[in-house]
Amino acid sequence: MKQARCAAVFATPLGDLWMTETTKGVSGLYFHGQQHEPTWLSGADPWGSQWAGKLRAWLDAYFAKAELPTPPPLHVETGTELQREIWQALLKIPSGSTCSYAQIASALGRPKAVRAVGAAVGKNPISLLIPCHRVIGSSGDLTGYAGGLDRKRWLLSHEATWS
């Protein structure tokens, strides 16, 4: 049984981010209204948080293009073994860089799993901290983002101009 609770809501330049957590770490980070946002989240009242201060510091630095502090620990409670493997691979994509779905599939030794990579990227439960916005199509085109393509475009531009 999942133990996550709505812990905090953060205002960002891209809209509100809703955080869920467990005692082990951040278990979800969703732009309000994004695809795959848990249905219970929109009516939840934040109850306080063990990890909110650490995440707030990380978000403030990220949006200010400052040196990033250590983020709070992540505690992914959802997903299949393959999805979790893909989400771990996303953590290796550096800020300011992009990677294609096919490159991720190949790096995992599963070159034919491009669709599975796409599905996992789309269901990433921890936006920004697990940087699914850095995944693009093989042609270089921006493809789906649960938070919307305008946000994806903004995030990639923001990271590309980081000094």
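I'd like to verify a number: residues in segment 11-59 that are within 15 Å of the chain's Cα centre (by Cα), surrounded by 16 or more Cβ atoms within 10 Å (Cβ to Cβ) and modelled with pLDDT of 75 or more, how many?
Summing the residues that are within 15 Å of the chain's Cα centre (by Cα), surrounded by 16 or more Cβ atoms within 10 Å (Cβ to Cβ) and modelled with pLDDT of 75 or more in segment 11-59 gives 16.
Within segment 120-163, work out how many residues are under 15 Å from Tyr62 (Cβ atoms) and aromatic (Phe, Trp, Tyr).
2
Name the helices (runs of 4 or more DSSP H) wholly within segment 64-163 that hold at least 2 residues that are within 12 Å of the chain's Cα centre (by Cα)?
Because the criterion is at least 2 residues that are within 12 Å of the chain's Cα centre (by Cα), the helices (runs of 4 or more DSSP H) in segment 64-163 that meet it are 81-90, 114-122, 149-160.
Output the number of residues of segment 109-148 satisfying the condition of being open to solvent by 70 Å² or more (accessible area, probe 1.4 Å) and not polar (S, T, N, Q).
Final tally of qualifying residues: 6.
Considering (1) modelled with pLDDT of 95 or more; (2) surrounded by 14 or more Cβ atoms within 10 Å (Cβ to Cβ); (3) under 23 Å from Glu159 (Cα atoms), say which one Gln88 fails and leave the rest.
Going through the list (1) modelled with pLDDT of 95 or more; (2) surrounded by 14 or more Cβ atoms within 10 Å (Cβ to Cβ); (3) under 23 Å from Glu159 (Cα atoms), Gln88 breaks only (2).
Yes or no: Pro71 touching a Lys or Arg at 6+ places or on another chain (Cβ under 9 Å), open to solvent by 70 Å² or more (accessible area, probe 1.4 Å) and not hydrophobic (A, V, I, L, M, F, W, C)?
no
If only one of Glu159, Glu77 is under 21 Å from Trp18 (Cα atoms) and either open to solvent by 10 Å² or more (accessible area, probe 1.4 Å) or charged (D, E, K, R) (or both), which one is it?
Step by step, each of Glu159, Glu77 is checked, and only Glu77 is under 21 Å from Trp18 (Cα atoms) and either open to solvent by 10 Å² or more (accessible area, probe 1.4 Å) or charged (D, E, K, R) (or both).
The values are calculated or read from the model by the stated rules, or taken from the named source; none is laboratory data. Remember, it's a predicted structure, so these values are computed and weren't measured experimentally. Positions of Cβ are backbone-derived with ideal geometry, glycine not excepted, and every protein chain shown enters the neighbour counts. Note: accessible area is taken over every heavy atom of the protein model, side chains too, but ligands, DNA and RNA are not part of it. Shrake-Rupley method; radii C 1.70, N 1.55, O 1.52, S 1.80 Å.
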